[in-house]
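The values are calculated or read from the model by the stated rules, or taken from the named source; none is laboratory data. No experiment lies behind these values; they were computed from the predicted model shown. Glycine also receives a Cβ, built like all others from the backbone with ideal geometry; neighbour counts cover every protein chain displayed.
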Amino acid sequence: FYNGFCPIEKVTDVADYIRDVKQHLQNSNKIKVKQVLLPYHWAFHKKTLDSARNCYKFSRSQTFRNIFDSCIHEDVAAIKVEYIAQKLIPIVFEKYNAICKQFKDWEKLKCSEASLLWKNVTDVNAELDLMECYKISKSQRFVQTLDHLLKIPFWIQRLEELEKVGKIGIFKVPHSEDDWLSKAL
């Protein structure tokens, strides 16, 4: 949780939490299993444990990461581990749930609405498996649509490169600001 959802460059106290976990690991040969279950053993982490448990399933999810990154970027107060665990993570789940529910009627969504969630996703099926509880269609058409959506940034980059080549004049192709390439970008 600390490494995945508390970026060290933004969260000022995350090093203390990581250090405490490492210290527990180093002392694990001196502690009995029964002691690990005692409340005082994890007292320092008490306020983060629920969020850590909830986030565990989504730790490798790019769609969840996209929502989290958007939320942490917007929230200037998210500079402490406890704040992230108790305030930000519930907001992230709220937004994630709301967006996932919209995908029941995926054909009605605009590409711009879908792109935040699906940005940088490499395994559409794995993400859809995590969204199983939302009963989102796994139809071939939907998966194919997502695959095409994921390629849009790549094609924009290719068009920008094509435009640069046209502006440089390597191929001496006449180019105006009103042509199809400029309009596409």
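Could you tell me whether any residue of segment 55-73 is more than 30 Å from Ala114 (Cβ to Cβ) and at pLDDT below 95? No: segment 55-73 contains no residue that is more than 30 Å from Ala114 (Cβ to Cβ) and at pLDDT below 95.
Could you please find all residues in segment 107-151 being of a type in the set (A, V, I, L, M) and modelled with pLDDT under 85?
Within segment 107-151, the first condition is being of a type in the set (A, V, I, L, M), and the residues that meet it are 109, 114, 116-117, 121, 124, 126, 128, 130-131, 136, 143, 146, 149-150.
Scanning segment 107-151 gives Leu109, Ala114, Leu116, Ile136.
Among the residues of segment 31-46, are any modelled with pLDDT under 90, surrounded by 13 or more Cβ atoms within 10 Å (Cβ to Cβ), β-branched (Val, Ile, Thr) and more than 27 Å from Val121 (Cα to Cα)? There is no residue in segment 31-46 that is modelled with pLDDT under 90, surrounded by 13 or more Cβ atoms within 10 Å (Cβ to Cβ), β-branched (Val, Ile, Thr) and more than 27 Å from Val121 (Cα to Cα). Once segment 55-69 is narrowed to residues that are out of contact with any helix residue (DSSP H, G or I) (no Cβ under 7 Å at 6 or more places or on another chain) and assigned to a helix (DSSP H, G or I), the residue that is surrounded by the fewest Cβ atoms within 10 Å (Cβ to Cβ) is Tyr56. Number of residues in segment 116-139 that are β-branched (Val, Ile, Thr), buried (at least 17 other Cβ atoms within 10 Å of the Cβ) and under 17 Å from Pro153 (Cβ atoms) equals 2. Among the residues making up segment 70-81, those that are surrounded by 16 or more Cβ atoms within 10 Å (Cβ to Cβ) and part of a helix (DSSP H, G or I) are Cys71, Ile72, Val81. Consider segment 83-141. How many of its residues are touching a Cys at 6+ places or on another chain (Cβ under 7 Å), β-branched (Val, Ile, Thr) and touching a residue at least 60 places away in the same chain (Cβ under 8 Å)? Qualifying residue count, segment 83-141: 2. For segment 23-40, the set of residues classified as within 28 Å of Lys87 (Cα to Cα) and over 31 Å from the mean Cα position of the chain (by Cα) consists of Val36, Leu37, Leu38, Pro39, Tyr40, listed by residue number.
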